[in-house]
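The values are calculated or read from the model by the stated rules, or taken from the named source; none is laboratory data. Since we're looking at a predicted model, the values are computed, not measured. Methodologically, a virtual Cβ is constructed for each residue, glycine included, from the backbone with ideal geometry; neighbour enumeration extends over all protein chains shown. Calculation scope for accessible area: heavy atoms of the full protein, side chains included, ligands and nucleic acids excluded. Shrake-Rupley method; radii C 1.70, N 1.55, O 1.52, S 1.80 Å.
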Amino acid sequence: MKADPISSVTRPGAAEIRQARAQNPKMRERDLARILDISEAELVASMVGHGARRIAPDFDVLFPGLKDVGTVMALTRNESAVHEKIGPFEKFVNGKRAALMLGAQIDTRMFPSVWVHGFAVEKEDGKDVRRSLQFFDAHGDAVQKIHARPETDRAAWDRLVEALLLDDQTPDVLPVISEAEPFSRKLPSEGSETELRDRWQRMTDPHQFHGMLKDLELDRVSAYELAGDAWAWSLDRSSVTTLLRLATSEDIPIMCFVGNRGCIQIHSGEIKTVMEKGPWINVMDPTFHLHLRTDQICHVWAVRKPADVGHVTSVEAFDSDGQQIIQFFGVRGEGNPERSDWRGMVEKLPKLEPSVQLGAAE
């Protein structure tokens, strides 16, 4: 069902948004947009003619062009996690339904139909100018932002922006934004438990899992609740922080996935610097930054899925609605068994007591 556009009767216009931006120069765009009860895309669009220009989210131009600009910072986030990777865009594989960016640093899975609004933004920061390419979905939520860095090839960046520019750069025109349908659990139907367990054990590749859920009309948490302890077990909410600390201290390379409707971004490798600040747990390594709101984690599951060799183990965190926040695997090459140190670490993470699980379900 297509969502209805959001009413503009009581929403601020572009000039009002710019005034609020001027009055709150240090506030993050996402936070200011929430205060103004608008989308982040509308906030950025209000700056067209004032440091922002409209660009097309044209994958055939964007990603080959990014290959020429060298090192950048790619940022993908959802409500509870921010995933930042620093490096070059390398091998682009396009597709109508899904596209891939494959590289040692920047590794993403992207869904082109979700990328609707794009902007090239230049923002003064003291004597410097911060440059970024920002892309949003139909609901005005960011799918990915790409930030230039001091070592970025400025001439190649400018050429890319020029190639992506839209003809219409009329100021004070905000995009039409539709209301996103809230995420809701897909609860199991009668008999789905038996079929789920049968199909689960017959999988030969973890990538078959999404199709199985779609066929059975199940969300992930419901599937894990039905799978049985051989395939999935509930962990204490502190397990994600414990995982990051153990992976750091024991030099265990991990894969860390953070995604939204339009983009999934992946880190693969060891992590070295983990810091806590308030509700946030942060990874602050030279080419990988992660910022995770631990207070918004409600459910954590350890999950086994059959693979080409044995099985692979993941740790997945969800919010109170059952929507996935973040997912971890051990680094593993195709055709190789899962690392024993990763598997052993996951199996030692603190499990949620059955009494707590029952209490949470009531």
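List the relative contact order of the chain as a percent without decimals, with contacts defined as Cα pairs under 8 Å and 6+ residues apart.
After rounding, I find 17 percent.
Have a look at Gln324, Gln169, Gln144 and tell me which one the Gaussian network model of the chain (Cα, springs below 10 Å) gives the largest fluctuation.
Judging by the Gaussian network model, the answer is Gln169.
Just need the relative contact order of the range 1-147 here, percent rounded to a whole number, with Cα pairs under 8 Å and 6+ apart.
20
Return the calculated 222 nm mean residue ellipticity for the chain, to the nearest 500 deg cm²/dmol, obtained by summing -39500 (n - 2.57) across DSSP H runs with n ≥ 4 and dividing by the residue count.
Result for the chain, helices only: -8000 deg cm²/dmol.
Heavy-atom accessible area of Asp68 with all protein chains present, probe 1.4 Å, nearest 10 Å²?
For Asp68, the solvent-accessible surface is approximately 100 Å².
Can you compute the charge dipole magnitude of the range 221-283 about its Cα centre, using +1 on each Lys and Arg Cβ and -1 on each Asp and Glu Cβ, nothing else charged? Give it in debye, rounded to the nearest 20.
Approximately 300 debye in magnitude.
Leaving ligands and nucleic acids out of the surface, order Ser192, Ser320 by accessible area at 1.4 Å, largest first.
Putting Ser192, Ser320 in descending order of accessible area: Ser320, Ser192.
Leaving out ligands and nucleic acids, and using a 1.4 Å probe, what accessible area per residue does the chain come to in Å²?
In whole numbers, the chain has 51 Å² accessible per residue.
Note down the accessible area of Met255, probe 1.4 Å, to the nearest 10 Å².
40
In whole Å, what three semi-axes, largest first, describe the equivalent ellipsoid of the chain built from its Cα gyration tensor (square root of 5 times each eigenvalue)?
Equivalent ellipsoid of the chain: 37, 24, 20 Å, largest first.
Which parts of the range 106-135 would a label at Ala22 reach, counting a residue when its backbone N lies under 19 Å from a point 7 Å out along Cα-to-Cβ?
It comes to 122-126, nothing else.
Summarise the accessible area of the chain (1.4 Å probe, protein heavy atoms) by the percent that is carbon and sulfur.
C and S atoms contribute 50 percent here.
With no solvent and one point per C-alpha, what does the Debye sum give as log10 I(q)/I(0) for the range 119-240 at q = 0.12, 0.15, 0.18, 0.21 Å⁻¹?
-0.76, -0.85, -0.98, -1.21
May I ask for the distance between the Cα centers of the range 198-257 and the range 80-145, given as a whole number of Å?
Cα centres, the range 198-257 to the range 80-145: 26 Å.
Over all distinct Cα pairs, what is the inverse of the mean 1/r for the range 1-145, reported as the Kirkwood hydrodynamic radius in Å?
Taking every pair of different Cα atoms in the range 1-145, averaging 1/r and inverting gives 16.4 Å.
For Val346, what accessible surface area do you get with a 1.4 Å probe? Give it in Å², rounded to 10.
Counting only protein heavy atoms, Val346 exposes about 0 Å² to solvent.
Let me understand the range 222-305 better: what is its radius of gyration from the alpha carbons, and its Dmax, in angstrom?
That works out to 13.9, 40 Å for Rg and Dmax.
For each pair in Lys214/Lys277; Lys123/Lys145; Lys85/Lys186; Lys91/Lys277, compute the distance between the two Cα atoms and list the pairs where it is over 26 Å.
Cα-Cα > 26 Å for Lys214/Lys277; Lys85/Lys186; Lys91/Lys277; rest within.
Compute the relative contact order of the range 180-285 as a whole-number percentage, counting only Cα pairs closer than 8 Å that sit 6 or more residues apart in sequence.
Across the range 180-285, relative contact order equals 17 percent.
Provide the gained length on full extension for the span Glu353 to His311, in nm with one decimal, where the gain is 0.36 nm per separating residue minus the Cα-Cα distance.
Additional length available on full extension: 12.6 nm.
What is the percent of Cα-Cα separations in the range 205-344 that go past 26 Å?
That fraction is 21 percent.
What is the P(r) of the range 88-140, as percent of Cα-Cα pairs per 10 Å bin from 0?
Distribution as computed: 21, 36, 33, 9, 0 percent.
Under 20 °C and 1.002 mPa s, how fast does the range 60-190 diffuse according to Stokes-Einstein, given a Kirkwood radius computed over C-alpha pairs? Answer in µm²/s, whole number.
Answer, rounded: 131 µm²/s.
Beta carbons within 10 angstrom, averaged per residue: use that to sort the peptides 327-336, 93-102, 237-246, highest first.
237-246, 327-336, 93-102
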